[in-house]
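One structure is given below, encoded as structure tokens.
The values are calculated or read from the model by the stated rules, or taken from the named source; none is laboratory data. Just so it is clear, the model here is predicted, and its values are computed rather than measured. Cβ: placed from backbone, ideal geometry, glycine included. Neighbour counts: every protein chain shown.
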Amino acid sequence: MSTRPSRIDLLGIATAAGASVRGCGMGPEALRVAGLAEALLELEHDVVDHGDLRRPHPVLDANPASWRLPDERRNDVLDLAARASDLGLDILSAGHFPVFIGGDHSIAMGTVSAVARHCAAKDKPVFVLWIDAHADFNTPATSPSGNLHGMPLALLCGEPGFEDIYKGPWLGQIAPDNVTVIGARSIDRDERKLLNARGVEVIDMRKIDEMGVVALMRGVISRVKAAGGHLHVSLDVDAMDPAIAPGGGTLVPGGLSYREAHLIMEMLHDSGVVGSLDVVELNPFLDHGGKSATLLVDLVASLFGRAIMGEEAGPVEFITADEAG
């Protein structure tokens, strides 16, 4: 049976510091323009928007190659991770459902940390469903690019190789064997070795082709239910095929179809085990007329109960974080 959150709290994390392609820092606003809050309100959810976390703009420099030095970008990622972790923990502690909207996938360093810290205090296991073309399980030593949006899962799972600057009271911990990556089709060689060694479940596109989404998702949901766990869903726009979601900076052909993506979300809604959500890597600069933003909004709506044969919604109300108190 599905469960209905008492309130959905939107928190934007407007950054592209973890990526090599600029633009996904505009993702939170693009999702708002595409009607994210309105879609949830139509489903009769109470919604509060906390606005965006962001770092100050750097000193301007006419040289394009100077766009944020690696150390500067790393500091941006970690500053936002710490702030997102603390604010996310506040949202969860108040009994609300956080929807973190990015921003590149490095924001998960903070968002999943918030969930892990919250659940550790309740002695509740955390499970993560990483819906992504990539596994994001690189370390600074294994990453071919050095971009932090390819490393959040490794950091969160306690993989060695991260300097002390990556750690602090904000950082949470998750068990690698409680992580499922679904939709994968681009994994680096050393990253693949780590995933296998740590017991991370990877449901690649071949498995989906062979077994179908339903059977595979039933397995994921069953494990969470059996453990009485909290499932965090991290949805990357590049999990979907570029034909339906062109608005990402690291696109890989052969992704999830429209119906496969919606079916995952519909099954997650019906399961009642999801307690938090990321929506990441939307780059409106690369999108085609809002096509990807609209798809992501529709997928979030499916996660929160939109159905083909649903009941009509009644009056709705939308408030800001300041008004909510």
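Residues in the stretch 134-154: is at least one at pLDDT below 95, over 22 Å from P98 (Cβ atoms), in a helix (DSSP H, G or I) and in contact with an Asp or Glu (Cβ under 8 Å, 6 or more places away or on another chain)?
Scanning the stretch 134-154 turns up at least one residue that is at pLDDT below 95, over 22 Å from P98 (Cβ atoms), in a helix (DSSP H, G or I) and in contact with an Asp or Glu (Cβ under 8 Å, 6 or more places away or on another chain).
Would you point out which residue out of I174, I203, I182 is farther than 26 Å from G254 by Cα, outside any helix (DSSP H, G or I) and not aromatic (F, W, Y)?
Going through I174, I203, I182 in turn, just one is farther than 26 Å from G254 by Cα, outside any helix (DSSP H, G or I) and not aromatic (F, W, Y): I174.
Name the residue, out of A135, A175, A141, A154, that is touching a Phe, Trp or Tyr at 6+ places or on another chain (Cβ under 8 Å) and more than 28 Å from L40 (Cβ to Cβ).
Matching residue, one of A135, A175, A141, A154: A154.
Taking the options S66, S2, S85, S20, name whichever one is modelled with pLDDT under 90 and under 18 Å from A108 (Cα atoms).
Answer to the check: S20.
Looking only at the stretch 27-53, count every residue that is surrounded by fewer than 18 Cβ atoms within 10 Å (Cβ to Cβ), in a helix (DSSP H, G or I) and either on the phi > 0 side of the Ramachandran plot or not charged (D, E, K, R) (or both) and tell me the total.
Within the stretch 27-53, residues that are surrounded by fewer than 18 Cβ atoms within 10 Å (Cβ to Cβ), in a helix (DSSP H, G or I) and either on the phi > 0 side of the Ramachandran plot or not charged (D, E, K, R) (or both) number 1.
Take the residues in the stretch 247-264 that are among the small types (G, A, S) and in a loop (DSSP other than H, G, I, E, B), then tell me which one is farthest from the chain's Cα centre (by Cα).
G254
Filter the stretch 141-191 for residues that are surrounded by 15 or more Cβ atoms within 10 Å (Cβ to Cβ) and at positive phi; which is nearest to the chain's Cα centre (by Cα)?
Across the stretch 141-191, the extreme among qualifying residues is G183.
Yes/no matrix, rows are residues, columns are (1) of a type in the set (V, I, T); (2) within 14 Å of L277 (Cβ to Cβ); (3) within 16 Å of the chain's Cα centre (by Cα):
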| site | (1), (2), (3) |
| --- | --- |
| R4 | no, no, no |
| R7 | no, yes, no |
| V21 | yes, no, no |
| M26 | no, no, yes |
| G35 | no, no, no |
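Can you tell me which residue is surrounded by the most Cβ atoms within 10 Å (Cβ to Cβ) among those in the stretch 209-246 that are of a type in the set (A, V, I, L, M) and assigned to a strand (DSSP E or B)?
Looking at residues that are of a type in the set (A, V, I, L, M) and assigned to a strand (DSSP E or B), I get M240.
Show the residue pairs that are 6+ apart or on different chains and have beta-carbon atoms under 8 Å apart, the first residue being within the stretch 244-261 and under 24 Å from A19 (Cα atoms), the second being part of a strand (DSSP E or B) and of a type in the set (D, E).
G248/D236
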